[in-house]
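The values are calculated or read from the model by the stated rules, or taken from the named source; none is laboratory data. Note that the structure is predicted; figures quoted are calculated from it, not measured. Surface accessibility is based on the protein's heavy atoms, side chains included, excluding ligands, DNA and RNA. Shrake-Rupley method; radii C 1.70, N 1.55, O 1.52, S 1.80 Å.
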Amino acid sequence: TRIPYKTAGKENVADRPEIERELRLGLQYLSRKLAAYMSKRGQADMAKKRANLYAKYIPLIAEFSTELAGKKKEPNYKKLLENESAFESKKPVEEEEIEN
């Protein structure tokens with residue numbers, strides 16, 4: 001429990017292997033947490049881009065497939081778009097990481 005200081009003024013902690021090891025392990029732990037956070041944030045951005053692409057192209061695909069099939073009524077693609085928007089409205093990554 002005693003902290004080894006270099007001077008009596010307690011300005012610098014002494015160079016000890018166990019202190020260096022603990023600092024290195026702490027930095028590695030924080031680096032892993034940051035990498036996981038950035039990865040989840042990147043995945044959320046990709047999901048948002050994917051949802052925007054779906055919203056853009058699904059109506060066109062529905063229209064063209066209806067013409068190709070020779071039918072008059074388009075399929076109900078709005079349900080797919082609602083599922084994608086529900087997926088986006090999940091808890092944001094920032095709030096999830098703060099709780100952990």
Problem set entry | Exclusive hit being open to solvent by 70 Å² or more (accessible area, probe 1.4 Å) and under 36 Å from the mean Cα position of the chain (by Cα), set 40, 10, 6 | 40
Exercise. Of the conditions (1) closer than 27 Å to residue 29 by Cα; (2) open to solvent by 100 Å² or more (accessible area, probe 1.4 Å); (3) modelled with pLDDT of 75 or more, residue 45 fails just one. Which one is it?
Worked result: (2)
